[in-house]
Amino acid sequence: MRKRNPWIGLLWGIGIALVAGGYAANFWLQTFYYPPPGTPSPGPVVVFLQDLADNFVSPSLYVGFGTIAGLLFLHARSRKRTKKSVDSHG
Amino acid sequence: MAESFDPRFDPRFQPGYSPSSKSASRADRRTAENETVPEKPGEQGKPKESGVPDEPGKPKKSGVPVEPETPKKSDVPDEPETSKKSDIPDEADESKESDEPGEPDSGSPDEHDPFERTLWVVAIALVVGGVVAAYWANGINYAQSAIGTPWTWQSIVQSSGWALSSPMITIGLALAVGLLFRRAMTWRPPK
């Protein structure tokens, strides 16, 4: 059986996780916008996580989509090479 | 039928050649070299420039003497390359050009590359530094009034932290993903 490249699988996982995580973090952040009056502060841990999410949303979406695009380029290139080698040998 | 190869060309690239007839074809070639192209007097005893096999269909340029006893790379019969290539997955084919002798065949060849290790450190430092800079800049945001206060070193560093944190995190993540791409492209299946 043909062996799969484990790094390609890892990169697919990272790309999808970055996009989904960035989108989910942005969605989670929006729940804190415009709180009703009298809402207590969420606490230092949540504030830290808010900061973290605020910083990671945009980069993770950029890098996630870039990773997926790069993987598609890689697959296109290897498919072209396979086709070329089949054409030359067959 | 006796093998008769065109003496102008390398017999290995002519129809009817088989590795079993190596000695005969070698003799043919030697005879052909001696017969067809006379040696120039200044080139006698000159060593052959490289062990690269002659290209098919290309006549030999000169009658440079070939040492017959030395086992040359070009004398080794050609192995069928198609079977070799088809065993390797597509992604691994891309690393063929960059292969260097001495590299391990299995796993990733760059595991001990100091340059790659430095890049990993830079990637982690960029991500962590970006997060710390943004967290620190957000923390001191309300320490002083933003209205009517002159520019201080702290406010300059704070705005720099805000400006730099996002690119730092982006480039750090992209660097880490790029290093994983490099691993993926140089990966070869274990034998």
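Values in this text are rule-based calculations from the coordinates and carry no lab data. Note that the structure is predicted; figures quoted are calculated from it, not measured. Note: ideal-geometry Cβ built from the backbone for every residue, glycine included; neighbour counts use all protein chains shown.
In table form, for the structure just shown:
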{"read-out": "Theoretical FRET efficiency, 1/(1+(r/R0)^6), r = Cβ-Cβ of residue B:132 and residue A:31, R0 35 Å, to 0.05", "value": "0.85"}
{"read-out": "Computed E for residue B:145/residue A:58 - FRET, C-beta separation, R0 22 angstrom, nearest 0.05", "value": "0.15"}
{"read-out": "Ranking of B:131, B:121 by count of other Cβ atoms within 10 Å, fewest first", "value": "B:121, B:131"}
{"read-out": "Nearest 10 degrees, 0 to 90: helix A:44-89 Cα axis against chain A principal axis", "value": "10"}
{"read-out": "For the range A:29-90 versus the range B:115-191, the gap between their alpha-carbon centres in whole angstrom", "value": "16"}
{"read-out": "Ascending count of other beta-carbon atoms within 10 Å, so fewest first, for A:3, A:83, B:191", "value": "B:191, A:83, A:3"}
{"read-out": "Calculated P(r) of the range A:1-67 - Cα pairs past 13 Å, %", "value": "69"}
{"read-out": "Degrees between helix A:6-30 axis and first principal axis of chain A (Cα, 0 to 90, nearest 10)", "value": "20"}
{"read-out": "Length added when fully stretched, residue A:85-residue A:23, from 0.36 nm per residue minus Cα-Cα", "value": "18.3 nm"}
